[in-house]
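Engineer: Quick one: structure below, then a few questions.
The values are calculated or read from the model by the stated rules, or taken from the named source; none is laboratory data. Keep in mind the model is a prediction, meaning the values are calculated, not measured. A quick note on method: Cβ atoms are made from the backbone with ideal geometry, for glycine too, and the neighbour counts reach across all protein chains shown. For the accessible areas, the whole protein counts, side chains as well, though only heavy atoms, and no ligand, DNA or RNA atoms are used. Shrake-Rupley method; radii C 1.70, N 1.55, O 1.52, S 1.80 Å.
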Amino acid sequence: MTKKIINDLQELHAAGIINEETAQKIHDYYNVNSTSSSNRLTLVFSILGATLIGSGIILIVAHNWDNLGKSAHTVLAFLPLIIGQMLCGFTLLKRKESIAWREASSTFLFFAVGTCIALISQIYNLGGDLSSFLLTWSLLCLPLVYLMRSSMVSLLYIAYITWYATLIGYDYPGHPPYLYIGLLLLLTPYIYQLFQTHAKSNFFNFHCWLIIGSLCVTLGTFSDGQGELMWIAYISLFSIFILISRFPQFAERRIFGNPFLVIGVLGIVVSFLINSSTDLWEYLSKEDYDFSSLFSSPEFWTNAVLILLAITLIIKNETFHGLRKIHPLAFGFIVYSFAFFIGILVPMVGIILCNVFLLWAAIYYINRGKEEDHLGLLNLGLVIITALIIVRFFDYDISFVTRGIMFILVGIGFFIANHQILKRRKEIQA
Amino acid sequence: MIKNITFLLFILLVFVQWYVPGSMIVKHENVLKTGQAFKFKTQPIDPADPFRGRYVTLQYEADEFQIQNPQDWKREEEIFVLIGEDGEGFAQIEKVSKTPFEESPNYVKASINYVNTNSAPKLQIQYPFNVLYMGEFKAPKAETLHRESNRDSSQIAYGLVKVKNGAAILEDVFINDVSISELVE
């Protein structure tokens, strides 16, 4: 594609479409981009190569392991660590500006550290649990993120602390992994620096996806006996994601390049769909809630922090775009908080609020899609209504006829709404 | 200047990355050289127990202790177990406490597997030295030998454990005073 464009430049210049200066600028632009794309390829292969070499060495040593004594075992356990540290030292002294060298050497050292500790535990028959091992490994490698400016190690660090948090939180008996918060905060200066300087890079995108995944997985670990309250926490988290997606640095991106928007919208819609059912509210209303110890429970503090953060972001969003332009789904945490505390006493109120909120959001997106000629927003609204109707389809309190009519109406709505927008576009083009 | 500081910090990191596994080895060797040896009789291993990779999982006979008030203890709670010897020279539990023992160094840091709350309440104890690492080809043979020895009452299998101030190192497993590693050669 790039070669074709460059070849066409002469033709365009000869036809007088572009002048020589413009042709030269286009030529230089594509040369730089092809250089940076080949750099990216080198980087990916370097990281893969380092990982494969490390794994291969381990497997060969493992095959001959039984024939060696304890001292030899110990030396071999430290060998990858020494090699990794020498590679990183060399990179810092001689190849500091090369991303490939920085990423490959730090990735190798990351795995070498874990391998060394695991092998020493095995050689010397030392006990210990997986969570302590992961914590030690992560903390020993965190400085590499800053010293080597390694995004790959940063991503591995996020994955490993998430694993650690799930072991502490979900394995019996389980308790909130408060240390996870501190571990994640230790990485925020690096992530912020990446956001400031490389917000459009792939590494930053991977960080966004991984952090979102990590938060979604670990949030549930902060429940300690009153898990039903975590619905509010999750919906608040998804609201926060939607609000972050409206920051100027994210707002101009395409939908799937904006992970906060994708997961935020999906999370809110799915959460409200689940909470729109009668069965769940009947269950929630029958549960025993210990409100006397509410203020000392981790669920309360988790919800409090997330709700405060969401409110702060709404105020921030209002200054960016104005209140009317904020996604209505971002207000989900306010609606659900009311719905929950009233709904556990009067379930029908909870059911109605959740259904009405989704319907309101759907209508908003349909209208805005029509106003802004945005098929994506229009269809999002229609998808929400359809999902709501499908969920109601399995709600046996509504008759077949009623459900059938609802489906037909929404289907007709889909066709009409899309047809209108496409017709308007054709008229504009004509 | 920044390059020098970065490199110096990296050297510091190198020392820390060496210190952690190094201190594990030093602690291990210290307990092996200066710790008190105890023979922990092993129980038969459940044949259905998944055999993970290259290690043999062990259970010990001296892993239960009678208590007065089961409500004072919780599952997964960290405890300290004072070890003594029975009349045959095998390890037995003298006392269990939530804090380290000051009167003797012969105690092990362990955890509560579960609290048995029936008419004779007991603590089921999980020791940290319940795994013996062996080569991938030796371990299945070792596991079979060990299981057979536990079925045969004339054979006595035990783990030799060095204990000191909460730390415990499983040195080896013996069947009739012969190391299991020698038996599977």
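Engineer: Determine the residues within the range A:98-128 where the difference in accessible area between the chain on its own and the full set of protein chains amounts to at least 30 Å²; count protein heavy atoms only and use a 1.4 Å probe.
Structural biologist: A:I117, A:I120, A:Q122, A:Y124, A:N125, A:L126
Engineer: Give the A-B buried accessible area in Å², both sides summed, 1.4 Å probe, nearest 100. Please report the intermediate quantities before stating the final value.
Structural biologist: Values: alone 23920 and 11560 Å², together 32610 Å².
Roughly 2900 Å².
Engineer: About its Cα centre, what dipole magnitude does the range A:169-300 give when the only charges are +1 on Lys and Arg Cβ and -1 on Asp and Glu Cβ, stated in debye to the nearest 20?
Structural biologist: 920
Engineer: Over chain A, with a Gaussian network built from C-alpha contacts below 10 Å, which listed residue (A:F407, A:F272, A:F333) shows the highest mean-square fluctuation?
Structural biologist: A:F407
Engineer: Check chain A and count each lysine pair with an alpha-carbon distance under 20 angstrom, considering only pairs eight or more places apart or from different chains. Don't skip to the answer; put the middle values down first.
Structural biologist: Values: A:K3/A:K25; A:K4/A:K25; A:K316/A:K325; A:K325/A:K370; A:K370/A:K423; A:K370/A:K426.
Here the count comes out as 6.
Engineer: When N counts the residues of the range A:304-388, how does its alpha-carbon radius of gyration compare numerically with 2.2 N^0.38 Å, as a ratio?
Structural biologist: 1.21
Engineer: I've got another one for you. Taking K and R as +1 and D and E as -1, what net charge do the other residues with C-beta under 15 Å from the C-beta of A:L109 add up to? Don't skip to the answer; put the middle values down first.
Structural biologist: Working: positive: A:R95, A:R102, A:R149; negative: A:E103.
So the environment of A:L109 carries a net charge of +2.
Engineer: Expressed in nm to one decimal, what extension gain is obtained for the pair B:I11 and B:E76 from 0.36 nm per residue of sequence separation less their Cα-Cα distance?
Structural biologist: Numbers: separation 65, 0.36 × 65 = 23.40 nm, distance 3.89 nm.
That pair, B:I11 and B:E76, stretches by 19.5 nm at full extension.
Engineer: Separate question: Scale the Cα Rg of the range A:229-303 by the rule-of-thumb value 2.2 N^0.38 Å and send over the ratio, two decimals. Working shown, then result.
Structural biologist: Numbers: Rg = 15.8 Å, N = 75, 2.2 N^0.38 = 11.3 Å.
Normalised by 2.2 N^0.38 Å, the Cα Rg of the range A:229-303 equals 1.39.
Engineer: What is the local net charge at A:M148, summed over the other residues whose Cβ is closer than 15 Å to its Cβ (Lys, Arg +1; Asp, Glu -1)?
Structural biologist: On the way: positive: A:K94, A:R95, A:K96, A:R102, A:R149, B:K3; negative: A:E97, A:E103.
Net charge around A:M148: +4.
Engineer: Same structure, new question: What residues does the range B:1-27 have that are buried by at least 30 Å² of accessible area in the full protein assembly compared to the chain on its own, 1.4 angstrom probe?
Structural biologist: Residues meeting the cut-off: B:K3, B:T6, B:F7, B:F10, B:L13, B:Q17, B:W18, B:V20, B:P21, B:M24, B:I25.
Engineer: To the nearest 20 Debye, how big is the dipole of the protein assembly as shown about its Cα centre, given +1 on the beta carbon of each Lys and Arg and -1 on that of each Asp and Glu? Don't skip to the answer; put the middle values down first.
Structural biologist: Details: 45 positive and 51 negative charges, 545 e Å.
That gives a dipole near 2620 debye.
Engineer: Moving to a separate point now. Taking 25 °C and 0.890 mPa s as the conditions, I'd like the Stokes-Einstein D for the protein assembly as shown in µm²/s, using the Kirkwood hydrodynamic radius from alpha carbon pairs. Don't skip to the end; give the middle numbers.
Structural biologist: Working: Rh = 29.7 Å.
Diffusion coefficient, whole number: 82 µm²/s.
Engineer: Calculate I(q)/I(0) for the range A:282-353 by the Debye formula, one identical point scatterer on each C-alpha and no solvent, and give its log10 at q = 0.24 Å⁻¹ to two decimals.
Structural biologist: -1.09
Engineer: Here's a follow-up. Tell me, what is the percent relative contact order of chain A, built from C-alpha pairs under 8 Å that lie six or more residues apart?
Structural biologist: 10 percent.
Engineer: What residue among A:G404, A:Y146, A:Y164 has its Cα farthest toward the positive end of the dipole of chain A, where the charges are +1 on Lys, Arg and -1 on Asp, Glu, each on the Cβ?
Structural biologist: A:Y146
Engineer: While we're on this one: With Cβ to Cβ distances under 11 Å as the rule, what net charge do the other residues near B:E76 carry (K, R +1; D, E -1)?
Structural biologist: Details: positive: B:K74, B:R75; negative: A:D129, A:D171, B:E77, B:E78.
Summing Lys/Arg as +1 and Asp/Glu as -1 gives -2.
Engineer: Tell me, what % of the accessible area of the protein assembly as shown is carbon and sulfur with a 1.4 angstrom probe?
Structural biologist: Working: 20650 of 32610 Å².
Carbon-and-sulfur percentage of accessible area, whole number: 63.
Engineer: How far apart, in nanometres, would the label points at B:S104 and A:V217 be if each is projected 7 angstrom from Cα along the Cα-to-Cβ direction?
Structural biologist: The answer from the label model is 4.5 nm.
Engineer: Hey, if you put +1 on the Cβ of every Lys and Arg and -1 on every Asp and Glu Cβ in the protein assembly as shown, which of A:G227, A:N205, A:Q420 ends up farthest toward the positive end of that dipole?
Structural biologist: The residue sitting most towards the positive pole is A:Q420.
Engineer: Taking the alpha-carbon distance from B:K95 and a cut-off under 30 Å, which lysines remain once sequence neighbours fewer than 8 residues away in the same chain are dropped?
Structural biologist: Straight-distance partners of B:K95: B:K27, B:K33, B:K39, B:K41, B:K74, B:K109, B:K122, B:K162, B:K164.
Engineer: Give me the accessible area per residue for the protein assembly as shown, probe 1.4 Å, as a whole number in Å².
Structural biologist: 53
Engineer: Given A:V262, A:S236, A:L306, which one lies farthest toward the positive end of the charge dipole of the range A:217-366, if we put +1 on the Cβ of every Lys and Arg and -1 on the Cβ of every Asp and Glu?
Structural biologist: Positive-most Cα among the choices belongs to A:V262.
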